[in-house]
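Participant: Handing you a structure now.
A short reminder: the numbers here are calculations on the coordinates, not readings from a lab. This structure is a prediction, so every number in the text was calculated from the model and none was measured.
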Amino acid sequence: MRRLISFPCEGATLIGTLDEADRDTGLMIVSGGNEPRMGAHRGQAMLAARIAAHGYPVFRFDRRGVGDSEGANGGWESSGPDIAAAIDAFAEAANLTRIIGFGNCDAAAALAMFGAEAGFAKVLLSNPWLSEEPDALPPAAAIRRHYAKKLVNPAEWLRLARGAVDLGKLRQGLTKIAAAPSPLDATAAPLIRAIHGWAEDAAIIVAQGDATGVAFRAAARGHGFAIETLATDSHSYADAMDALEKVILVHLARAGSDGATPLHDGDTELENTD
């Protein structure tokens, strides 16, 4: 059953949606950007229904100034109080023992930064957001992405066979791939430090072809994070909802009290950033 819940946050009334279920471990979905709680193309609403069908309560909410909630929209960097208020409302409404947080893009950054104080048992950080320009890649990641696309394009191999490719530029590009650093810039450093603070209580999920996910993987190189990569270019997993659902269920089961841990079945690739 799905029902609306209102709850206070620093003088404003926020609105959330609870998909009810019986387990004592729940999933709270934090929206990214200025999206309301339904998510892009109702993706978060559909994900909530799917997870709840497996017995885990799911809560989504609009932060201040977004969707149906009152107040001023201060962006994700001011969302700590909203997240804390939402987790309290969720725990009370669903009588939960533990709550796992899931967020995509800047919602992942918000969970990494504010989730521990709010009381999450674990956070699932999807395509964590690093930059003021969401589509901007660090130079090394941009170079790798550019040449990786060329190497899987049959037309590029035909151009090479016909002598239409500048081999000097190709060699330069491949040299840059090998030598270019993956800098931990000022925007990445706070997020990386926050994720380290979670230790094993944070899981990272990225869409393989998503620019934000590519940028994060480049910035995280050498930090020892285990990253679960889903085979999709969609930032919101529009064509990979089954795979995303399975990954989330694995982490919910591991955190829960029932001890039943589903196994991965090949939908994800596990990468370590050491």
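Participant: Report ³J(HN,Hα) in whole Hz for each residue of the range 233-247, in order, from the Karplus equation J = 6.51 cos²θ - 1.76 cosθ + 1.60 where θ = phi - 60°; Gly and Pro get x.
Facilitator: In residue order, the calculated couplings are 9, 7, 4, 9, 6, 4, 9, 9, 5, 4, 5, 5, 4, 5, 4 Hz.
Participant: When the Karplus curve 6.51 cos²θ - 1.76 cosθ + 1.60 is applied with θ = phi - 60°, which whole-Hz ³J(HN,Hα) does each residue of the range 54-62 get, with x for Gly and Pro?
Facilitator: Per-residue couplings from phi come out as 8, x, 9, x, 10, 10, 10, 8, 9 Hz.
Participant: Quick check: the distance between the Cα centres of the range 91-118 and the range 17-58, to the nearest angstrom?
Facilitator: The two parts, judged by their Cα centres, are 12 Å apart.
Participant: Ok, one more. Per residue of the range 75-83, what does 6.51 cos²θ - 1.76 cosθ + 1.60 with θ = phi - 60° give for ³J(HN,Hα)? Whole Hz please, x for Gly and Pro, Karplus curve as stated.
Facilitator: Coupling constants for the range 75-83: x, 5, 5, 10, 8, x, x, 5, 5 Hz.
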